[in-house]
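Asks: Let me give you the structure first, and then I'll get to my questions.
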Amino acid sequence: MRTNLILIGFMGTGKTAIGRRLAVHLKKEFYDTDLEVEKTTGLTILQLFQKHGEIRFRSEESLVLRRLLKKENCVLATGGGIVLDADNVELMKKRGIIICLMARPEVIYQRVKKRENRPLLQKGDLKQIIKQLLTERQAYYNCADYYLDTSDLHFDEIIEKIVSLINE
């Protein structure tokens, strides 16, 4: 039985904020792959990208995912690109219920525009980069069991909808 809830989706869709609240609501442990990568490496995600590049980050991310998915009964917020690795997707499907959080590009822009800790958004026109990455990653997010657009919902509404989905 898959007791883990795994939140995937593009940056700024609410995976961490919702994941924390969902874990409290369901009385499950909460983990965030980005925070776990930072703990493991002693570097922020931005520092890791700048010092070692995206390939090293993705490797660390996969290692953290494997370690976390040995656990049961957790809520796991993942980095937006974790689905780019087919092995990660296969493991997530085996070990949990995958919920893809989505949001419209303009909502994502509003949520991430003031944050400087997003390495993939550091160069160029932010709105254009968001649209481009969303387009490139859309097919990868199709691995989810459930999909939920967070654009116009408050946290309590999102939690309620997720609980309803998993109880069906």
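The values are calculated or read from the model by the stated rules, or taken from the named source; none is laboratory data. The model shown is predicted, which means the values in this text are computed figures rather than measured ones. With ideal geometry, Cβ positions are generated from the backbone for all residues, glycine too; neighbour counts draw on all protein chains shown. Just the protein is used for accessible areas: all its heavy atoms, side chains included, with ligands, DNA and RNA removed. Shrake-Rupley method; radii C 1.70, N 1.55, O 1.52, S 1.80 Å.
Asks: Report those strands (runs of 3 or more DSSP E) wholly inside segment 65-168 carrying at least 2 residues which are at pLDDT 95 or above and either open to solvent by 20 Å² or more (accessible area, probe 1.4 Å) or charged (D, E, K, R) (or both).
Replies: Where strands (runs of 3 or more DSSP E) fall fully within segment 65-168 and carry at least 2 residues being at pLDDT 95 or above and either open to solvent by 20 Å² or more (accessible area, probe 1.4 Å) or charged (D, E, K, R) (or both), they are 96-102, 146-149.
Asks: Here's a check for you: in segment 1-56, which residue that is charged (D, E, K, R) and not in a helix (DSSP H, G or I) is nearest to the chain's Cα centre (by Cα)?
Replies: So the residue we want is Asp32.
Asks: Can Phe49 be described as modelled with pLDDT under 95, touching a Leu at 6+ places or on another chain (Cβ under 9 Å) and surrounded by 17 or more Cβ atoms within 10 Å (Cβ to Cβ)?
Replies: Considered against the rule, which asks whether it is modelled with pLDDT under 95, touching a Leu at 6+ places or on another chain (Cβ under 9 Å) and surrounded by 17 or more Cβ atoms within 10 Å (Cβ to Cβ), Phe49 comes out as yes.
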